[in-house]
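Right, one structure below, let's go through it.
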Amino acid sequence: MRIVSWGHAVFAGTMIALGIMGLIKGNFTSTWSGVPRNLPMRETLMYLSALISLLCGIGLLWRRTAAATSSMLLGYLLLWLLLFRLPHILSAPAAIGTWWGIGDTAVMVAAAWALFAQFAAERDGRSLPFASGDKGLLIARIFYGLALIPFGVAHFTNVKETVVLIPPWLPWHMSWAYFTGGAFIAAGVAVLTGVYARLAATLSALELGLFTLVIWVPIVAASANAFQWTEFVTSWVLTAGAWVVADSYRGTPWLAERRSLSYLISSAEHSS
């Protein structure tokens, strides 16, 4: 087996769990949502997504298959983002659910890309130099930074729904809703600009983890409905994905200012 970080192990285990859930329930898990109900062969796509989750989760744990598996998962997630997430911008551009769904998938893309960038660079970074190594990690982090911003915006546009979720034992519910929303936006900007990016990525992963632990675990323990179970699974999956991205900064000083989106743009211009 080959485990490069705790985030890698948790993410792989999460993908395995998603695959098993999808196969047992015979339905799309939250990661693979957004498929139109009238899509031909929808049920086949559902089982295919569950099977890819399961096989990719297992493959990520083995040295010989990790690079190929991460590339497969990355390609499938990018295709999902293109076919089933981005089109909602045309049909419902002002809906926060549109951007939240894009953010969900973007976090998963970021995690898969971060793993692929590391595994491909170890195996043979020459085949896809733009997608692996440091440049690949940079792209993964940009996806993650962009995903965090709609998460934060949702706390302001859906403040009433956010406040309801805050446990009653915590004071100042409205303040917590605005603070956590602002923290997501600030973290997204920090990751995109490269200013204190490691600290921002780590704190945002911690924030997602605390949401799962403090909000959704008690709700699920108190016999949650189907919607609440879905939100719990979504929160856990996002935490696992965020953990992978945060782990990708290992070795970087916490308060370092690293290469960012501007570097990637200028690098692409020079290579062309």
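Just so you know, all these numbers are worked out from the coordinates, no wet-lab data involved. As the structure is a prediction and not an experimental result, all values here were calculated from the model. Note that we place each Cβ from the backbone using ideal geometry, even for glycine, and neighbour counts take in every protein chain shown.
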Pick out, from 89, 248, 4, the residue whose Cα sits farthest towards the positive end of the charge dipole of the chain, with +1 on the Cβ of Lys and Arg and -1 on the Cβ of Asp and Glu. 4
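About its Cα centre, how strong a charge dipole does the chain have in debye, to the nearest 20, once Lys and Arg get +1 and Asp and Glu get -1 at the Cβ? Before the final figure, lay out the partial values.
Numbers: 16 positive and 11 negative charges, 87 e Å.
Magnitude of the dipole: close to 420 debye.
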Modelled label-to-label distance, residue 217 and residue 160, 7 Å Cα→beta-carbon offset: nm? 3.1 nm
Out of 134, 247, 104, any idea which swings most in a Gaussian network model of the chain, alpha carbons joined below 10 Å? 134
Candidates 15, 72, 174, ranked by Gaussian network fluctuation over the chain, Cα under 10 Å, top entry: 174
Taking trypsin sites (Lys or Arg not before Pro) in a DSSP loop with at most 11 other Cβ atoms within 10 angstrom as exposed, one finds the longest site-free stretch of the chain at 127-249
For the chain, calculate the relative contact order in percent as a whole number, restricting contacts to Cα pairs under 8 Å that are 6 or more residues apart. 20 percent
Springs between alpha-carbon atoms under 10 Å, Gaussian network over the chain: tell me which of 91, 235, 33 tops the mean-square fluctuations. 91
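Which longest uninterrupted range of the chain lacks any chymotrypsin sites (Phe, Trp or Tyr not before Pro) assigned by DSSP to a loop state (not H, G, I, E or B) and surrounded by at most 11 other Cβ atoms within 10 Å? Kindly include the intermediate steps, with their values, before the conclusion.
Working: sites that count: 169, 172, 254.
With chymotrypsin sites (Phe, Trp or Tyr not before Pro) excluded where exposed in loops, the chain gives 1-168 as its longest stretch.
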